[in-house]
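Okay, so here's the structure we're looking at.
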Amino acid sequence: GAGVSQSPSNKVTEKGKDVELRCDPISGHTALYWYRQRLGQGLEFLIYFQGNSAPDKSGLPSDRFSAERTGESVSTLTIQRTQQEDSAVYLCASSRTSGGVSGELFFGEGSRLTVL
Amino acid sequence: GQQLNQSPQSMFIQEGEDVSMNCTSSSIFNTWLWYKQDPGEGPVLLIALYKAGELTSNGRLTAQFGITRKDSFLNISASIPSDVGIYFCAGPRAYTGNQFYFGTGTSLTVIP
């Protein structure tokens, strides 16, 4: 598509439930990033995928968080046994990389997660 | 952890005034990007800088990539109400691959 697409745009869930967030990157973008943004805060890096390389998971806050990406397409971020502290906007971004030089990041509009 | 420090944290200015904000790091960066985020939306790229010393303009925006590769600034001239939002610097740290770090953000309020 023309831009990064995320779904759902809003998700309200009960504490303890699992949630799955989806990201469709821009076609041809080999790099994909997930960030978390709590209310009034900056962007917290979660995970980074680059082509078929092993993902950089260094930002995942706990083992309740996981993410997958199929090739260079869709990615899903899964949060198991959600806690109220997980409430935030989850932003996905994609980037075209060429020759090892990073391209600009293009963001989706985010998935707002509210854990009751 | 946080790699980029932005200042000021927030700004309140009168419409028509110029704005300057900066971003510093203890690490060298290959690229500096400046983003703006409106409430309820994802960040949108404003300006990208790829070379130390580079000065780039985009309309009323001007940004520079510091010579040391450890800092960057963003200027907005003749501010208007729609400039309101949060401005983030970002970039990949040199020699560590393509993980993008983001600054703490500068919140800009323009008073008509």
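The table for this structure:
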| read-out | value |
| --- | --- |
| When residues of region A:25-61 are limited to those that are small (Gly, Ala, Ser) and under 29 Å from B:Gln9 (Cα atoms), the one nearest to the chain's Cα centre (by Cα) | A:Gly59 |
| Residue pairs meeting the criteria (Cβ under 6 Å; at least 6 apart or on separate chains; first facing chain A (nearest Cβ under 10 Å) and closer than 17 Å to B:Phe88 by Cα, in region B:17-34; second crowded, with 22+ Cβ neighbours inside 10 Å and among the charged types (D, E, K, R)) | none |
| Residue in region B:48-65 that is within 26 Å of A:Tyr90 (Cβ to Cβ) and surrounded by 14 or more Cβ atoms within 10 Å (Cβ to Cβ) present | yes |
| Criterion (buried (at least 18 other Cβ atoms within 10 Å of the Cβ), of a type in the set (Lys, Arg) and at pLDDT 95 or above) met by exactly one of A:Arg64, A:Arg36, A:Arg22, A:Arg81 | A:Arg36 |
| Where a residue in region A:35-54 is within 13 Å of B:Gly42 (Cα to Cα) and its partner, wherever it lies, is in a loop (DSSP other than H, G, I, E, B), with Cβ under 7 Å and at least six apart | A:Tyr35/A:Leu43; A:Gln37/A:Leu43; A:Gly42/B:Gly103; A:Gly42/B:Thr104; A:Gly42/B:Gly105 |
| Some residue of region B:89-98 being closer than 25 Å to A:Ala31 by Cβ, surrounded by fewer than 18 Cβ atoms within 10 Å (Cβ to Cβ), more than 10 Å from every other protein chain (Cβ to nearest Cβ) and touching a Phe, Trp or Tyr at 6+ places or on another chain (Cβ under 8 Å) | yes |
| Scope region A:44-56; condition outside any strand (DSSP E or B) and either farther than 19 Å from A:Arg22 by Cβ or among the small types (Gly, Ala, Ser) (or both); matching residues | A:Gly51, A:Asn52, A:Ser53, A:Ala54 |
| Flag if B:Asp38 is at negative phi, acidic (Asp, Glu), touching a residue at least 12 places away in the same chain (Cβ under 8 Å) and buried (at least 16 other Cβ atoms within 10 Å of the Cβ) | no |
| Failed item, numbered, when B:Lys70 is tested on (1) away from chain A (no Cβ under 14 Å); (2) modelled with pLDDT of 95 or more | (2) |
| All strands (runs of 3 or more DSSP E) inside region B:1-108 with 1 or more residues being more than 22 Å from A:Ser58 (Cα to Cα) | B:4-7, B:10-14, B:19-25, B:32-37, B:44-49, B:55-58, B:61-65, B:71-76, B:85-92 |
| Residue check, A:Glu44 touching a His at 6+ places or on another chain (Cβ under 8 Å) and either surrounded by 16 or more Cβ atoms within 10 Å (Cβ to Cβ) or on the phi > 0 side of the Ramachandran plot (or both) | no |
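The values are calculated or read from the model by the stated rules, or taken from the named source; none is laboratory data. Computed from a predicted structure; not experimentally measured. Quick reminder, even Gly has a Cβ in these numbers, built from the backbone with ideal geometry, and neighbours come from all protein chains shown.
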